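Participant: The structure follows.
Only the coordinates and a few stated rules stand behind these numbers; no lab work does. The model shown is predicted, which means the values in this text are computed figures rather than measured ones. Note: ideal-geometry Cβ built from the backbone for every residue, glycine included; neighbour counts use all protein chains shown.
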Amino acid sequence: MVAQNGKDLLIKIDMTGDGLFETVAGLRATRISFNAETVDVTSLESEGGWRELLSGAGVKSAAISGSGVFKDAATDERARQIFFDGETPDFQVIIPGFGTVEGAFQIASVEYSGSHNGEATYELALASAGALSFVAFA
């Protein structure tokens, strides 16, 4: 994978529940992380005393975070609605030069801030809420 613009890592939200995805507007910084818990099955018979892990047994999860400025009333309103209603709609994450991750996420936190002489900003944190799919770019 060659170098990519950070601004091309996009978080998109399903606006209607029908697969109509729109980029969450105003984001300046985004991040996605994938995690897998391990299940240790080491025993006295483990070769050389090395730890052994049970393949595919741990819980997988993903976390998305982003921060930025207010620019679009529709996506801002949808994010607030998702948080206050406790919904888990589908999101898409476009990872430049890699592919698209899609699946249900819950907005785990939303923070708003601003300074006297600056712009109002927000931060979002999302937690995966089901199986995710991945489609690599061709």
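Participant: To the nearest 10 degrees, how steeply does helix 73-85 sit against the main Cα axis of the chain, on a 0 to 90 scale?
Facilitator: 50 degrees
Participant: List residues of the stretch 89-130, by number, whose backbone nitrogen lies under 12 Å from a label position 7 Å along Cα→C-beta of S61.
Facilitator: What the label zone holds, given the 12 Å backbone N cut-off, is 106, 108, 126-130.
Participant: Could you pull out the GluC sites (Glu not before Pro) across the stretch 1-87 that fall in loop regions by DSSP (anything but H, G, I, E, B) with no more than 16 other Cβ atoms inside 10 Å?
Facilitator: Sparse-neighbourhood loop GluC sites (Glu not before Pro): E37, E45, E52, E87.
Participant: Take the Cα pairs of the chain, get the Kirkwood Rh, then feed it into Stokes-Einstein at 10 °C and 1.306 mPa s and tell me D in µm²/s.
Facilitator: It diffuses with D of about 94 µm²/s by this estimate.
Participant: I want to check the label-to-label distance for L54 and R28. Put each point 7 Å from Cα in the C-beta direction and report it in nm to one decimal.
Facilitator: Roughly 4.6 nm, to one decimal.
Participant: Now for a separate question. Between exposed trypsin sites (Lys or Arg not before Pro) in the chain, where DSSP calls loop and at most 12 other Cβ atoms lie within 10 Å, what's the longest gap?
Facilitator: Here the longest segment lacking exposed loop sites spans 72-138.
Participant: Could you give me the ³J(HN,Hα) list for the stretch 39-50, computed from phi with Karplus coefficients 6.51, -1.76, 1.60 and θ = phi - 60°, whole Hz, x at Gly and Pro?
Facilitator: Whole-Hz 3J(HN,Hα) from phi for the stretch 39-50: 10, 7, 10, 5, 9, 4, 8, 5, 4, x, x, 6.
Participant: A further question follows. Apply 1/(1 + (r/R0)^6) to the Cβ-Cβ distance of S113 and A3, taking R0 = 30 Å, and write down the FRET efficiency to the nearest 0.05.
Facilitator: That gives a FRET efficiency of 0.45.
Participant: Amide H of A108: which non-local residues (sequence gap of 5 or more, or other chain) have their own amide H closer than 5 Å, using H built in the peptide plane?
Facilitator: A125, L126, A127
Participant: Right, another one. Roughly what would the spin-label model give for E87 and T100, points 7 Å off Cα along C-beta, in nm?
Facilitator: Taking the two extended label points, one gets 2.0 nm.
Participant: Which listed residue (A36, I13, A57) has the Cα farthest towards the positive end of the charge dipole for the stretch 6-136, taking +1 on Lys and Arg C-beta and -1 on Asp and Glu C-beta about the Cα centre?
Facilitator: The residue sitting most towards the positive pole is I13.
Participant: Now, a different point. Could you calculate the contour length gain from V69 to D40, that is, 0.36 nm times the residue separation minus the distance between their Cα atoms, to one decimal place in nm?
Facilitator: Computed gain between V69 and D40 is 6.1 nm.
Participant: Nearest 20 debye, what's the magnitude of the dipole of the chain about its Cα centre given +1 on Lys and Arg Cβ and -1 on Asp and Glu Cβ?
Facilitator: 400 debye
Participant: Over what distance in Å are the Cα centres of the stretch 48-104 and the stretch 13-47 separated?
Facilitator: 5 Å
Participant: Which is the longest stretch in the chain that no exposed loop site breaks, taking sites as chymotrypsin sites (Phe, Trp or Tyr not before Pro) with a DSSP loop state and at most 16 other Cβ atoms within 10 Å?
Facilitator: The reported range is 1-49.
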